Each structure stands twice: as structure tokens, then as C-alpha cells.
Amino acid sequence: MRLEPAQPCQFGTGGDLFGLYHATSGSARSAVLMCPPLGQDMIRSHRVYRQLADALAQQGIAVLRFDYYGSGDSAGDSAELDWARCRTDMVTAAGELRARSGCTRLIGFGARLGGSIALNAATAARLSELLLWDPVLDGSQYVVALDALQDALRADPMRFGEPRTYEDAAGQWLGFPVGAGLRRQLDTWRAEPLPMPVRVFDSLPPTAAHDWNLLLGDAVNVTELPTAASWDELDRLEHAILSPDLIRAVGDYLRVAA
Amino acid sequence: MTKERVLRFGRAQHLIGVAGLPAAPAPTGSVGIIVLNAGMVYRVGPFRLHVEITRRLNACGYPTLRFDLSTLGDSGASNESQSRAQQIRADVADAMSLLASHAGCTRFVLLGLCSGAQNAHIVAVDEPRVAGAIFLDGYAYRTLGFHLRHYLPRLHSAALWHRFISRKLQAAANQRGDDVFAVSFPPRDQVRRELTDMLDRGLRLHFIYSGGVTRYFNHPRQFRECFGRLASRPEISACQFEGTDHTYALQVDRQRLLQEVEGWLQRNFPTSDGSTA
């Protein structure tokens, strides 16, 4: 199937949200809403999101990629990023994808905190299935991990000649300001089982603590990817996350399921 | 109130960019600011730096465009048989035409970090619409002064030796051949000649070196050591932000950079009313 160029768009109230719609060359047989992660994970996974969207569009699946308010090219300062607003933006984006694709049944995809937001807003966005790539399931654990990474960044000899002061590094996670609201919202969030099919694509290293069934329930399906992704590695902070395994696995699954 | 518009453009409709268009139309002859990709990072820039820069400059009245060069970010290939340098020149020419048609500006200042600075240089060499450039961690060359400043303090400092060895060990461990900001520089004489030609054509140039490139630039004086009399010309300037990293990961450093960029632009490309572009 021929690959159509992605169509840039602005939608939501006042056109505040940025999106790229990957149309199919004929009518779409299904549609996927791609929810980005937050912060540096979003920049690192930009390439793989584009590659996956292109691959799915070639399979006849329409895709919308978008940025939450306060992230990427969408309006708003990075400090204004807000968990509840991300949730609302995802619902708005789902409406945009339905209108553009003509599909009523939508599948959600999200990596890391993008997966968490997809879990949190899937019901409100009337999604029918979720595909999650290494989603964050326990917000408070993740806040602790991000605080530790930020403190390591502050003193990273590969980045700074001298360790920076605590004040210089305060209120930020890995290059992005973090408002007290977002921190509190994330700190109190934990995933819960959903009344819809959920499939996790697992590329976390074996050493990382992750039990997908503990919070998502026994019905969750897990596809283990052969290569570990380098999330949460400070020395890879500015390296793109690339995962041909993920693109292949999601494409193979949706070739049959969508 | 600035309006941002996301646009697909270019000779093959293959480029994606976001134009920041201040409410008041730009006066004739005013400058637009074009921000180039930093390494392989897409148009929002490292830690969203390019979004912060363009929006701050929009607030001052400068029209801006942050976009992805061919094959980077969300841009596709133009399917032409060209060298990378030719593609970059053609892409930036497309970007200038786009901003001219939307904002009315006729001259442009290019801004780029790392490989973005190199690409800004490549374009500024022979593009007549370029009026200036801001090079973030652009070209510089090690000098005798660099080596003295680098090695002399290490002779008697255990802490510096410790940090030096730590960096070397980490660098060796990280060498997996995919450094997103790896660049190589052309010969110094060529760069000096090209910069001289730019200044002779009336361009204004500003170099900002971060503390993240002390492997090749470790003192503001080094700019003069590198480029000699060229550095004395009033149209060219340089500064160093000691202590920062290469991509401005901390907010306090980004604010300092933004202030420097805005200040330099307002001094060198003020608007007709004396306040903005």
C-alpha cells in the first residue's frame, strides 16, 4: 500500500494541540491513537513513533500522533504540563482521529508515561483496546526514580565540569520543569485493570522491577521484545530510542487483530 | 498575540515546520529567525529548547520558523540527487521563502546548535538572504592557550585527575558509535576565510560556547586565539557560558541562553520602532 505523507494539523480549543495524521491511501480499516510519553522520553521516542505510524498506515490503519498541551509543538510552557490536561487532550485527540479516519473503533498506543495516560483516559476516550510499550504503572515509584535520575544528572561528570547546586536542578526532571501539580498527580497515580483488552510490549531489562499482571490484572497479554530499550539510563539521555522489534511486533499483531 | 502555524512546505512538499507569526506584520526589511535541527533531535530541540527560543523571540516581535531538515524529524526526502550540503542549502532556502510569504521578512538570521551551527555556516557561506547567524557550540579550534589552560591545572590536582579519568572511562563505556551530537570540523583556514567573507558581505555573527565543549573550547579568549584579527571586527562576537552543559539541560542555563540570544538580536537587528524585529 502506498505511503501518504503525514498531514500536520492543529486541533482542540483554539488549535492549541499539534498533531500529525497518517492517512491510509484508501479507506482505513482501523485507527490507532498514539499517545506520546512525557519529557525526554517523548523526544527520544519521536523517531520510533514516526516509523510505527508510517508502518501502520501502510497496513491500512490510520494513525494520529499528537502532543499534549505544554509539550512538543503544542501550545503551553513545559511547566504547564498537567496530568489531568493530558487526559483531556487524549480524549480530544481521539475525537479528532474519529473525525479524520471515519473509524469509530480506536486502538490506543502509548510508551512509558504515554501508556499510563492511555490507561488513565482509555474509558473516557472510548478506546476499544490498548497497546502499551513499557508503560509506567506505579506513579509514586516512578517519581522516586526520576528524582534519583535528576540528582545523578546534577552531578554527572560527563555533562558538567563541576556538580551543579541543588537549587539549579530543583523542580526539574531530566531537562524539563515539573510543576508541583504534575508531581503530585503522578505521585498518587497507580494503574488499575481495565474492562478492555490490554497488550503490553515489554522491552524493559530483566533487572527492572515490573510485574504487569500485578496492577493490570491476569487478563493482560504480554509480548516480550528481544532487545531491551534504554529508558532511564542517564548516559543514554540524549540518544534516540530505536526499536525495530517493537514496530515489527505491533505491526504483526495488528495485521491480524485490527 | 503570536500565532503558531504548523506547515508542510518545500520544493517537494517534504518539510515540516512550525512558523511563529507575531500579530503585527513585519516591516519591510525586517529579519525572520530560522532555527535548525540540533544533531538528530527533531525541531522542538533538546529539552524543547527551540520551542522556548522561538516563542520568546515571537514575543519580541520576530517571526520564526523551527523545522526539520530533509529526512530528520517529521520531514521526508526530496528525492533529488544532491549532496547533504546541497540539500541543507535548498531546505533552508525553502524555509526562507516560506517565512517570507507568511511574515513578509526579507532577511534572515539562522540559529543552530552543534551540527545546527555547522549547517547554519554552510548556508551562510553563499545565501544572500542571510543577514546573520547565532552559532551555539559552533566552530573553534584548540590552540596553545587551550592546551595550557587544559593541562597545567591537572598536574597537581587529584580532584581534576579523578574527574578526568572518570570522564574518560565513562566516554569509553558509552562509545557505541551512535553519538547524536558527534561532528567533525573543516580546516581552520577554510573556516576563517569563509567567516571573513561573511563579514565582508555585511553579516553579523555571534558564537555562544557552552561549558559542555571544554574538550575544544575552554576560555572566551580562545576565540581570538583561533581566528586572530577577524575576532576584532565589530560584526562578530563570542561568549562562553562556563558551567553549562552542551544542550542546556537545566532551566537556569536555558534562561541565560535565551536572554543572550534575545539581547544580541535586539542589539543587532532592532525593529523599525526600535524595540523589536
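The values are calculated or read from the model by the stated rules, or taken from the named source; none is laboratory data. Given the structure is predicted, the values throughout are model-derived calculations rather than measurements. Because the Cβ atoms are built from the backbone with ideal geometry, glycine has one as well, and the counts that use them run over all protein chains shown. Quick note on the areas: whole protein, heavy atoms, side chains included, nothing else; ligands and nucleic acids left out. Shrake-Rupley method; radii C 1.70, N 1.55, O 1.52, S 1.80 Å.
Residues considered: A:Ala122, A:Ala23, A:Ala170. Largest GNM mean-square fluctuation over chain A, using C-alpha springs under 10 Å, is found at A:Ala170.
Close amide-amide hydrogen proximity is noted between A:Trp173 and A:Val178, each under 5 Å apart and 5 or more residues distant or on a separate chain (H modeled in the peptide plane; Pro and chain starts excluded). With both labels modelled 7 Å from their Cα along Cα-to-Cβ, the A:Asp77 to B:Thr196 distance reads 4.6 nm. A straight chain from A:Val222 to A:Met196 at 0.36 nm per residue would run longer than the Cα-Cα distance by 7.9 nm. Between chain A and chain B, roughly 3600 Å² of accessible surface gets buried, counting both sides and using a 1.4 Å probe.
Full extension of the chain between B:Arg224 and B:Arg5 gives 74.7 nm of extra length, using 0.36 nm per residue less the Cα-Cα distance. Pick from A:Val144, A:Val222, A:Val198 the residue whose mean-square fluctuation is largest in a GNM of chain A, springs joining Cα atoms under 10 Å. Among A:Val144, A:Val222, A:Val198, the largest GNM mean-square fluctuation belongs to A:Val144.
Calculated accessible area for chain B comes out at 41 Å² per residue, all protein chains present (probe 1.4 Å; ligands, DNA, RNA ignored). Counting Cβ atoms of other protein chains within 10 Å of each Cβ in A:160-166 and taking the mean gives 5.
For the protein assembly as shown, the equivalent ellipsoid built from the Cα gyration tensor has semi-axes of 39, 29, 20 Å, listed from largest to smallest.
Under the 0.36 nm per residue contour assumption, what length would be gained going from the current alpha-carbon distance of B:Ala158 and B:Gln86 to full extension?
Full extension from B:Ala158 to B:Gln86 adds 21.0 nm.
From helices alone, the protein assembly as shown scores -11500 deg cm²/dmol at 222 nm; the rule is -39500 (n - 2.57) for each run of n ≥ 4 DSSP H residues, then divide by the residue total. With both residues required to sit in the protein assembly as shown, DSSP beta bridges show an antiparallel share near 30%.
The calculated pair-distance distribution of the range B:1-116 uses every alpha carbon pair, bins of 10 angstrom beginning at 0, and gives 15, 50, 30, 5, 0 percent. Accessible surface computed residue by residue for chain A, with neighbouring protein chains in place and a 1.4 Å probe, gives 39 Å² per residue. Amide H contacts under 5 Å for B:His14: B:Phe9, restricted to partners 5 or more places along the chain or on a different chain, H placed in the peptide plane at 1.01 Å from N.
When you count the other C-beta atoms within 10 angstrom of each residue and take the mean per peptide, A:134-140, B:148-154, B:124-130 line up highest first as A:134-140, B:124-130, B:148-154.
The calculated FRET efficiency for the pair B:Ala24 and B:Arg233, based on their C-beta separation and a Förster distance of 35 Å, comes to about 0.60.
GNM remark for chain B: springs join alpha carbons under 10 Å apart, and the peak mean-square fluctuation among B:Ala95, B:Ala12, B:Ala38 falls on B:Ala12. Any chance you could tell me what percent of the C-alpha pair distances in the range A:176-258 go past 18 Å? Of all Cα-Cα pairs in the range A:176-258, 60 percent lie more than 18 Å apart.
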